[in-house]
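Asks: Quick one: this structure, given as structure tokens, is what I'll be asking you about.
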Amino acid sequence: MLRAAVIGAGHIAKQHLAAIDAAPGVEAVGVCDLSAALAELTAERFGVTAWETDFRRLLADCRPDAVHITTPAATHLAIAKECLEAGSHVFVEKPIATSLEDLERLAAVAESSGRWLVEDHNYLFNDDVQQLLRLHREGRFGDVLHVEVQVDLPLFAPGSRFVDRHAPHPAMREPLGAVSDFLTHLSYLANAFVGPIRSASCQCRRDSPVATGAISEFKALVDAAFGTALLGVSTGGEIDRFRIRVDGSRLSAEVNLFEVGAILTRTRGGPKPLIPIRNMVGRGFSELRNARRSLSRKLSGGPGPYEGLWRLVAEFYARCDRGEAPPVSLDAIREVGRWVDVITHAACDNATVSERQPEAVGP
Amino acid sequence: MNVLITGASGFLGRSVTAAIVARGHSVIALVRDPERASTVLPSSVRLVEGDLRVPRSLAGALDGVDAVIHLAACVVGDDDEQLASSVVGAENLLAAMDAGGVRRLIYCGTLSVYDWRRAKSPLDEESPLESDLYTRDGYAISKTWQERIVRRWADAKGTQLTVLRPGFVWGAGNEETSGVGQPIGPLRIVFGGARPLPLTYVENCAAAFAEVLDSTMTIGQTYNVIDAARVTAWRHEGRYLRNTAAKGWRIYVPYLAGLTTARVATWFSRALYRGRGKLPGILTPCRYRARFRPLRFNADKLREAIGAFEAFDYDEAWRHCRLAPVGVATPTADTVVGEGVTA
């Protein structure tokens, strides 16, 4: 049985502990948080035997095979480095680091220690995204021309941590504010279909009446190796949506990760005038089927949109057990880091920015 | 006495603050937004800006304070955020009290901490606490943990703690309580209409806090705070519809019919989803019980300690409610709304 520990007992830690609980061959042996009460509460809630307020003591006492780091992004480097050096594999919440340089420092420690370092690319492992990736691998899209990844969430609604004046969400200290919290998700999803980023240009609106100066509407137009991508974050609407649309030369597919099911639009397969009719009828049936599946998911008590995290965590431990490389490679993490870096610079400079190499750093 | 109140600008907090001021104490209100608080609190109250979740914002706030009344609990964000904020907030407050040398704490708990399945009628301070805590909602979990933390602190430091557990606190702007039933469009489903509600009018509840502050014999004790008037759920909903701008029709559903529905829904959910199914709170038996189980309640222990604390009987409370300025009691971030109690 592999031993897992979780550092940081906030909201996302609950998802990690649930994923560990559901994964075969692994047990959570320790929880750590600066708040003793929160650490103890979380441990009690998930039946974890040990809790600590000092992660070094957790590492020494629990000797975990792997550590999940769910603290704010700015602390990831320091904590992950010590976990790797203590001999644990490390599974880090996104974003893994707040700069490309920090990512390289961490990757260097992982490589020198011979431990696995994984960034949480959970949505990549959701059923619907896996279906799109399968279609992509099978060549059903034809050439992938363009991908859109758009998150619509009322991030600046009253009561949101993103507009909390006293205890703001840690992402609000990052250059793109709330957008920084989602950019990794947008980037790994787009990267999976159109490959490495070459350049990006961004448009930002900062017109929220409650989050003064913060980016409220964000769009990044990306030129990537195999196509273009449009990444977006919108905070103004009231509908929660996480939309991915992949446009290929033969097939378009769209999913909403907060619901269930893909909608496919084909460009072949019958007399040309009848193809739109066939697609419309197909979309109608798909919507009905997806509505039933979405309702079932809500009532199932399962992971919901975090299904990908459960799958990724289970796969991570299965491969750890077999001594195989993890499901998210260090190269993939670096590639996504470059997406985030290029887009962040383009948004900050309000210019088109091309890929840059990280400055040379020591481990 | 210098008394610091957390959650002072909330629904209950405003009345508690006024009651403490009226007794001649010097009140310091720890608030996140002094500008807003200044519009709802007496001008004699000293406002200190601070956030219980941010320890550095509490530095020095408790210097010279003789007693703390802790009413604040977080209601923003989802269950998990509320839980983290309320628990961490209590932890930070106690650390600041240690730093400031404050030895007296009156903590606002809730009837939600009881085990409503095992409790026998009448529910009193000796009733068992929830044994299956994590099946309950975030409010019950966070209040149970808050109470655990303050009790441990009092035991460890030998400090003077009194725990008050109010029932459903109601008043102008918060006339309806979650313990009555479930609104569905214009329909007001009243579960077990004949059962008594553990109500406490906000001014009566505030008076209990003020009395307890001045009573040394309440130190180390736990009290339920429930008005003496016996009011059924059906009657309270009727008064609510008659006396406020709310519109709707009361529908009576026997308690057992609702509980049976919840049990059947849970059985189907478990069968369909191999034990993992998730249902709305009202269809989860333990949460349904915590809101609607027909029990008798008493606050005899509190009355023995401080005497009758109710300045308003039920009818007078409604008349008083109608005199309160409209809109002042709109729920705020300092107002707690959970499965069992509104404080």
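The values are calculated or read from the model by the stated rules, or taken from the named source; none is laboratory data. Remember, predicted model here, so these are calculated numbers, not experimental data. FYI the Cβ positions are ideal-geometry reconstructions off the backbone, even for glycines, and counts take in every protein chain you see. We work out accessible area using only protein heavy atoms, side chains counted, and drop any ligands, DNA or RNA first. Shrake-Rupley method; radii C 1.70, N 1.55, O 1.52, S 1.80 Å.
Asks: For segment B:100-122, does any single residue satisfy the condition of being β-branched (V, I, T) and within 14 Å of another protein chain (Cβ to nearest Cβ)?
Replies: No, the conditions are met nowhere in segment B:100-122.
Asks: Under 6 Å by Cβ, and 6 or more places apart or on different chains, what pairs join a residue from segment B:276-288 that is facing chain A (nearest Cβ under 9 Å) with one that is open to solvent by less than 50 Å² (accessible area, probe 1.4 Å) and not in a loop (DSSP other than H, G, I, E, B)?
Replies: Close Cβ pairs (under 6 Å, with a partner that is open to solvent by less than 50 Å² (accessible area, probe 1.4 Å) and not in a loop (DSSP other than H, G, I, E, B)) amount to B:G277/B:S269; B:L279/B:A265; B:L279/B:S269.
Asks: Looking for whichever is within 21 Å of the chain's Cα centre (by Cα), away from chain A (no Cβ under 13 Å) and assigned to a strand (DSSP E or B) here; the options are B:I69, B:I20. Which one fits?
Replies: None of the other options fit; the residue is B:I69.
Asks: Also: If you check B:E125, B:E91, B:E130, B:E81, which single one turns out to be open to solvent by 10 Å² or more (accessible area, probe 1.4 Å), within 14 Å of another protein chain (Cβ to nearest Cβ) and touching a strand residue (DSSP E or B) at 6+ places or on another chain (Cβ under 7 Å)?
Replies: Exactly one residue qualifies, and that residue is B:E130.
Asks: Within the set of pairs 6 or more residues apart or between chains, which connect a residue that is among the polar types (S, T, N, Q) inside segment B:222-248 to a residue that is outside any helix (DSSP H, G or I) and surrounded by fewer than 17 Cβ atoms within 10 Å (Cβ to Cβ) with Cβ atoms less than 8 Å apart?
Replies: B:T222/B:E125; B:N224/B:E125; B:N224/B:N298; B:T232/B:A194
Asks: Can you find a residue in segment B:128-139 that is hydroxyl-bearing (S, T, Y), touching a Gly at 6+ places or on another chain (Cβ under 7 Å) and either assigned to a strand (DSSP E or B) or at pLDDT below 95 (or both)?
Replies: Yes, the conditions are met somewhere in segment B:128-139.
Asks: Please count how many residues of segment B:281-326 are closer than 17 Å to B:E203 by Cα and small (G, A, S).
Replies: Total meeting the criteria: 6.
Asks: Kindly check whether there is at least one residue in segment B:297-313 that is acidic (D, E) and crowded, with 19+ Cβ neighbours inside 10 Å.
Replies: yes
Asks: Assigned to a loop (DSSP other than H, G, I, E, B) and closer than 23 Å to A:I197 by Cβ: does that describe A:A108?
Replies: So A:A108 fails the test.
Asks: Quick one: count up the residues across segment B:147-190 that are without any contact (Cβ under 8 Å) to a residue 24 or more places away in the chain and assigned to a strand (DSSP E or B).
Replies: Looking only at that region, the number is 1.
Asks: Return a yes/no flag: does segment A:265-282 have any residue that is part of a strand (DSSP E or B), surrounded by 14 or more Cβ atoms within 10 Å (Cβ to Cβ) and touching a strand residue (DSSP E or B) at 6+ places or on another chain (Cβ under 7 Å).
Replies: Yes, segment A:265-282 contains at least one residue that is part of a strand (DSSP E or B), surrounded by 14 or more Cβ atoms within 10 Å (Cβ to Cβ) and touching a strand residue (DSSP E or B) at 6+ places or on another chain (Cβ under 7 Å).
Asks: From the list A:S180, A:S160, A:S187, exactly one residue is in the same structural domain as A:D240 (by TED's automatic domain parsing), without any contact (Cβ under 8 Å) to a residue 40 or more places away in the chain and hydroxyl-bearing (S, T, Y). Which is it?
Replies: A:S160
Asks: Let me ask something else about it. So which residues in segment B:249-262 are free of Cβ contacts under 8 Å to residues at least 40 places away in the same chain and surrounded by 15 or more Cβ atoms within 10 Å (Cβ to Cβ), if there are any at all?
Replies: B:L259, B:T261, B:A262, listed by residue number.
Asks: Let me ask something additional. Could you grab me the full set of residues in segment A:151-167 that are facing chain B (nearest Cβ under 8 Å) and not in a loop (DSSP other than H, G, I, E, B)?
Replies: A:R161
Asks: Moving on to the next point. Which number in (1) in a helix (DSSP H, G or I); (2) at pLDDT below 90; (3) closer than 16 Å to B:G167 by Cβ marks the one condition that B:E339 misses?
Replies: The single condition B:E339 does not satisfy is (1).
Asks: Which count do you get for residues in segment A:138-161 that are open to solvent by 20 Å² or more (accessible area, probe 1.4 Å) and either touching a Phe, Trp or Tyr at 6+ places or on another chain (Cβ under 6 Å) or among the basic types (K, R) (or both)?
Replies: So the answer is 2.
Asks: Please find, among A:F242, A:F316, the residue that is modelled with pLDDT of 85 or more and in the same structural domain as A:L155 (by TED's automatic domain parsing).
Replies: On inspection, the qualifying residue turns out to be A:F242.
Asks: Then there's this: Only one of (1) within 14 Å of chain B (Cβ to nearest Cβ); (2) under 15 Å from the mean Cα position of the chain (by Cα) fails for A:E119. Which number is that?
Replies: Condition (1) is where A:E119 drops out.
Asks: Is it the case, given these coordinates, that A:L176 is away from chain B (no Cβ under 14 Å), at pLDDT below 95, more than 18 Å from A:I244 (Cβ to Cβ) and in contact with a strand residue (DSSP E or B) (Cβ under 9 Å, 6 or more places away or on another chain)?
Replies: When the stated conditions are applied, A:L176 passes them.
Asks: Read through the list (1) within 14 Å of chain B (Cβ to nearest Cβ); (2) of a type outside the set (F, W, Y); (3) within 26 Å of A:Y188 (Cα to Cα), then give the number of the only condition that A:L299 fails.
Replies: Exception for A:L299: condition (3).
Asks: Same structure, new question: Scan segment A:3-17 for residues that are at the interface with chain B (Cβ under 10 Å from one of its Cβ atoms) and not in a loop (DSSP other than H, G, I, E, B) and jot them down.
Replies: Answer for segment A:3-17, where residues must be at the interface with chain B (Cβ under 10 Å from one of its Cβ atoms) and not in a loop (DSSP other than H, G, I, E, B): A:H11, A:I12, A:A13, A:K14, A:Q15.
Asks: Let me ask something else. Exactly one condition in (1) crowded, with 23+ Cβ neighbours inside 10 Å; (2) aliphatic (A, V, I, L, M); (3) more than 20 Å from the chain's Cα centre (by Cα) is false for A:A108; which is it?
Replies: Only one criterion is unmet by A:A108, namely (1).
Asks: Right, here's the next one. How many residues does segment A:320-333 contain that are surrounded by fewer than 16 Cβ atoms within 10 Å (Cβ to Cβ) and either in a helix (DSSP H, G or I) or within 21 Å of the chain's Cα centre (by Cα) (or both)?
Replies: So the answer is 5.
Asks: Across segment B:42-58, what is the total count of residues that are closer than 12 Å to B:L30 by Cα, open to solvent by 80 Å² or more (accessible area, probe 1.4 Å) and away from every other protein chain (no Cβ under 14 Å)?
Replies: Summing the residues that are closer than 12 Å to B:L30 by Cα, open to solvent by 80 Å² or more (accessible area, probe 1.4 Å) and away from every other protein chain (no Cβ under 14 Å) in segment B:42-58 gives 1.
Asks: Can you name the residue in segment A:300-313 that is modelled with pLDDT of 85 or more and under 23 Å from B:A265 (Cα atoms) and, of all such residues, is surrounded by the fewest Cβ atoms within 10 Å (Cβ to Cβ)?
Replies: Ranking the qualifying residues of segment A:300-313, first place goes to A:G304.
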